[in-house]
Protein chains: 2
Amino acid sequence: MALTQVSSNKCAGGFQKVFEHDSTELKCKMKFAVFLPPKAETGKCPVFYWLSGLTCTEQNFITKAGSQLAAAEHGIIIVAPDTSPRGCSIEGEDETWDFGTGAGFYVDATQDPWKTNYRMYSYVTEELPKLINSNFPTDPDRMSISGHSMGGHGALICALKNPGKYKAYDATVLAGSYSGPQLDILIDQGRDDQFLSASQLLPDNLISVCSEKKIPVVFRLQPGYDHSYFFIYSFMNDHIKHHAKYLNA
Amino acid sequence: MALTQVSSNKCAGGFQKVFEHDSTELKCKMKFAVFLPPKAETGKCPVFYWLSGLTCTEQNFITKAGSQLAAAEHGIIIVAPDTSPRGCSIEGEDETWDFGTGAGFYVDATQDPWKTNYRMYSYVTEELPKLINSNFPTDPDRMSISGHSMGGHGALICALKNPGKYKAYDATVLAGSYSGPQLDILIDQGRDDQFLSASQLLPDNLISVCSEKKIPVVFRLQPGYDHSYFFIYSFMNDHIKHHAKYLNA
């Protein structure tokens, strides 16, 4: 469980850091980013987990989303893991942008040759929270999860499969069944998202299931916005605020 | 003076766009980024020019600085040019990170083989503003300039050599003499900036000259901050607000 600090930059009054560690779930070295708000210097803080999309590393969110000022304001630690195992030398791992490296999909693979390393679901829901809670000033009872694209779906399945584990979450894609404490889902979707027009996102399915199951979901179709980090940045403050409502309750 | 749109992303209620054009000053194709706030759809807006540092392109500022929300709020257009001529095939142009490509230094070169293309000073103070004013809904009388690192110095020399042209500016490095309308300089400097500890920045010289010349300068030495975009992002809102005070006066 030893962490090696890769970088540390003061940011928004706190620190944006990146660490490396040997993952037991993924059997490889993994990096993750953690933003420590000023409040973390003197007290325990809730943790907001962010899962990134296809092709991303732990860098995209921390350099492009503009999340740190709002996290500092609300006293929230943000953890942004990498999106897949790295350097496992599995045949076919690096052939396409939407499979293998950079595309862990936050599931536990069940087939060879993937099942030894591609256990991103267990990594983000079990190993990583334990690591974070034992190394940073967190309140383990207050955690939430969010993400974008493949990571939005990841956030949704993590929350739906672990009733009560996450205080709040929001996601971009897909739905599922659910039985547990009341949820409050906030989703922003760019109306001009190229993956939406290509019928790859299907938010209507999510809304329809949520409506059937009486799961409260606020779905905001944002005219003109696409799938980029310009879109994420534009609504980041709203999402941090949404999570803070529960994390700081 | 024809512009080709390279990209357009809705952002913060407005649009973050990138254009390409044939530069007459630099004798090559150049890209620049322009953020159009929502207000630009219905009225004329002031323009804030941002000059980036060594190794940057027009992308760094628009993806990492988190400037668009504040610019949207204050109704300010932001223009971020590339940092040097590109693809001029001059011998020695690509040998080091701090000379040639990506390091235009916002001066007009006077010697061969550089003087034909490396005219970034004339590009950012003359050609680019004309291009912007003839293609976007600007108020040509309200412009300001700012930047970081090499671009902070660039902003400072542009403002000091063109009394009255820029309504406001702030810079990170160096000083100069000045005679013209009252200035109001805002500078943030990371106290843990690696280039500061290496004695490459010399802000004391700037403060000393400003004090001698009675030029108002607010110099904020920010403990713990370094030279990165995490630093820029942390204080971006303050700088937009500082410029808005004059641009929207």
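The values are calculated or read from the model by the stated rules, or taken from the named source; none is laboratory data. None of the values given here were measured: they were computed from a predicted structure. Note that each Cβ is placed from the backbone with ideal geometry, even for glycine, and that neighbours are counted across all protein chains shown. The protein model used for the area step is the full one, side chains on, heavy atoms only, and it has no ligands, DNA or RNA in it. Shrake-Rupley method; radii C 1.70, N 1.55, O 1.52, S 1.80 Å.
Where helices (runs of 4 or more DSSP H) sit wholly within region B:191-249, those with at least 1 residues that are modelled with pLDDT of 85 or more and either within 14 Å of chain A (Cβ to nearest Cβ) or crowded, with 20+ Cβ neighbours inside 10 Å (or both) occupy B:194-197, B:229-247. Here residue B:52 fulfils each of the conditions (1) away from chain A (no Cβ under 12 Å); (2) within 30 Å of residue B:114 (Cβ to Cβ); (3) surrounded by fewer than 24 Cβ atoms within 10 Å (Cβ to Cβ) apart from (3).
Quick test for you: out of A:82, A:94, pick the one residue that is closer than 22 Å to residue A:5 by Cα, acidic (Asp, Glu) and in contact with a strand residue (DSSP E or B) (Cβ under 9 Å, 6 or more places away or on another chain). Checking each option against the conditions leaves just A:82. Taken over region B:90-126, residues that are assigned to a loop (DSSP other than H, G, I, E, B) and either under 21 Å from residue B:159 (Cβ atoms) or open to solvent by 50 Å² or more (accessible area, probe 1.4 Å) (or both) amount to 17.
Among the residues making up region A:179-190, those that are within 15 Å of residue A:156 (Cα to Cα) and either open to solvent by 30 Å² or more (accessible area, probe 1.4 Å) or of a type outside the set (A, V, I, L, M, F, W, C) (or both) are A:179, A:180, A:181, A:182, A:184, A:188, A:189.
Residue A:154: within 24 Å of residue A:241 (Cβ to Cβ), touching a Gly at 6+ places or on another chain (Cβ under 6 Å) and surrounded by 21 or more Cβ atoms within 10 Å (Cβ to Cβ), yes or no? Taking the combined requirement at face value, the residue satisfies it.
Given the condition closer than 30 Å to residue B:11 by Cα, acidic (Asp, Glu) and modelled with pLDDT of 95 or more, answer yes or no: does some residue in region A:77-97 qualify? For region A:77-97, residues closer than 30 Å to residue B:11 by Cα, acidic (Asp, Glu) and modelled with pLDDT of 95 or more: present. Just one of the numbered conditions (1) crowded, with 24+ Cβ neighbours inside 10 Å; (2) of a type outside the set (Asp, Glu); (3) part of a helix (DSSP H, G or I) is not true of residue A:131: (1).
Looking for whichever is closer than 15 Å to residue A:26 by Cα, among the acidic types (Asp, Glu) and free of Cβ contacts under 8 Å to residues at least 60 places away in the same chain here; the options are A:82, A:94, A:98, A:141. Which one fits?
On the way: A:94 fails: closer than 15 Å to residue A:26 by Cα; A:98 fails: closer than 15 Å to residue A:26 by Cα; A:141 fails: closer than 15 Å to residue A:26 by Cα.
After applying the criteria, what remains is A:82.
Consider residue A:33 carefully, then state whether it is out of contact with any Ser or Thr (no Cβ under 7 Å at 6 or more places or on another chain), of a type outside the set (Phe, Trp, Tyr), within 12 Å of another protein chain (Cβ to nearest Cβ) and within 21 Å of residue A:103 (Cα to Cα). For residue A:33, the condition - out of contact with any Ser or Thr (no Cβ under 7 Å at 6 or more places or on another chain), of a type outside the set (Phe, Trp, Tyr), within 12 Å of another protein chain (Cβ to nearest Cβ) and within 21 Å of residue A:103 (Cα to Cα) - is met. Could you please find all residues in region A:1-22 being within 14 Å of chain B (Cβ to nearest Cβ), free of Cβ contacts under 8 Å to residues at least 24 places away in the same chain and not basic (Lys, Arg)? Listed by number, the residues that qualify are A:7, A:8, A:9, A:15.
Would region A:50-70 turn up any residue that is in a helix (DSSP H, G or I), closer than 13 Å to residue B:234 by Cβ and either of a type in the set (Gly, Ala, Ser) or at pLDDT 95 or above (or both)? Within region A:50-70, one or more residues are in a helix (DSSP H, G or I), closer than 13 Å to residue B:234 by Cβ and either of a type in the set (Gly, Ala, Ser) or at pLDDT 95 or above (or both).
With respect to residue A:87, is the statement that it is surrounded by fewer than 23 Cβ atoms within 10 Å (Cβ to Cβ) and in a loop (DSSP other than H, G, I, E, B) true?
Values: surrounded by fewer than 23 Cβ atoms within 10 Å (Cβ to Cβ): yes; in a loop (DSSP other than H, G, I, E, B): yes.
Taking the combined requirement at face value, the residue satisfies it.
Flag not set for residue A:25, criterion: more than 14 Å from every other protein chain (Cβ to nearest Cβ), open to solvent by 50 Å² or more (accessible area, probe 1.4 Å) and over 24 Å from residue A:243 (Cβ atoms).
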